1. Using θ = phi - 60° and the Karplus curve 6.51 cos²θ - 1.76 cosθ + 1.60, what whole-Hz ³J(HN,Hα) does each residue of segment 111-116 get, with Gly and Pro shown as x?
2. Please list, or write none, the aspartates and glutamates whose alpha carbon is within less than 15 Å of the alpha carbon of Lys178, excluding same-chain residues fewer than 8 places away.
3. Quick one: plug the Kirkwood hydrodynamic radius of segment 223-263 (C-alpha pairs) into Stokes-Einstein at 37 °C, 0.692 mPa s, and report D in µm²/s.
4. Quick one: which residues, 5+ away or cross-chain, put their amide H under 5 Å from the amide H of Val184? H built at 1.01 Å from N.
5. Mind listing the long-range amide H neighbours of Glu154? Cut-off is under 5 Å, sequence gap 5 or more, other chains count too, H placed in the peptide plane at 1.01 Å from N.
6. According to the Cα gyration tensor, what semi-axes, each the square root of 5 times an eigenvalue, does the equivalent ellipsoid of the chain have, listed from largest to smallest in whole Å?
7. What's the Kirkwood radius of segment 95-233 in Å, using all Cα pairs?
8. List the lysines whose Cα lies under 17 Å from the Cα of Lys37, skipping any in the same chain that are fewer than 8 positions away.
Amino acid sequence: MKDREPPYQIIIVANLGLNYARLVMEGFFEFSVQSSKWQVDQAISAFAEHWTMPKNMAQPGILGHFSRPEDVAIAEKLFKKGIPVVNTSQKLSEYHIPSVIPDNAYAGKVAAEYLVERKFQHFGFTGIRDACYSAQRGKGFQDRLKELGHSCSELEYGYHNWTHSSVEHNPDLEKWLKELPHPVAVLCGDDIHARRVVNSALRVGIRIPEEMAILGVDNDDLQCKLCPISISSVTIPAKRVGYEATRLLESMLKGTPPPDKPQIITASNVVTRRSTDCVAVDDPV
C-alpha cells in the first residue's frame, strides 16, 4: 500500500488582535479546508522573538503578516534557503518575498468618490507616517480628488506626535482639524487612527458629521463602534487576500516558481455609519 503523503506544515505569523489579520486567516482556512494536506504547526505574532524551525518538519511553508523589519529579515533569509514564504502585509515599503496585498490606492480612490458624492468641497487626509499602506491610501485619495477638481489638505501623523490612546490630547492633530474649512470630509489612514480623529474633533467642539465627516479604512466593526460616533469605513478585501495568499503558498510548496511582483487584490466599498451620514451644505442653518 502506498504511504500517505505527509501534510503541509504551515507556520502562521500574524497578530490576531488585528481585524485585517483575522480576516486573512479566514481566507487561509477557507482555502485550506479544500485539502487534507494542511496542518498549522505554529501561530505566532512576534516572529523574531519566538520562532524556531521545528525539528523534522516536512514540507514547511510560512504565511505571515510581516509588519516589523526584524520579522521581514528572518522571512527573507528563510525564503532564500528555499522555504516557501508568502507575506500579506504592506506596512513596510519593501518586501523581498512573495506577497499578496490589497489595493490600498484603490481604497483611497473609492473614498474620494464616496465623499464627493456627498457634495463636499473641502477635503483632508491624515495618514500614519510609518505605514506604507496608509501612504498608498492617501495617494489614491488625493489623486482621485485631483481628477475630480478638488484639492486636499494633509497631515502625517506619527513618530514625534504619536499617542497610543485614541482619547489622549493631540495638539498637532487638533490644530489641523480646527484650521480646516468647514464643512469638510477627512479620510484617515485606518480605523484606529479614525477613532483618534473623531475624539480629537469632538474635544475641540467640531460637530460630526455636520461640520466634519470622518471616514476610516479597514472596516473593523469593533474599532468603528468603539467611539462616541460610529465611524464609516472603506472595506479592504482581506479575506480574499488570505485565500489567494494560501493558493500561492500551495503552488510554491508544489514547486512552482514564486512570482516576481506582489499580487494585488482590488475590491473596496464603503460601509456608512454615523460619521459620514450626511450631505454637505455651506449654510450653517
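1. 4, 4, 5, 5, 6, 5
2. Counting by Cα, and skipping residues close in sequence, Lys178 has these aspartates and glutamates nearby: Glu154, Glu210, Glu211.
3. 253
4. Met212, Ala213
5. Phe125
6. 40, 18, 16
7. 14.9
8. Reachable lysines: Lys2, Lys254.
The values are calculated or read from the model by the stated rules, or taken from the named source; none is laboratory data. This is a predicted model, so every value here is computed, not measured. Please note that ligands, DNA and RNA were not included when accessible areas were found on the heavy atoms of the full protein model with its side chains. Shrake-Rupley method; radii C 1.70, N 1.55, O 1.52, S 1.80 Å.
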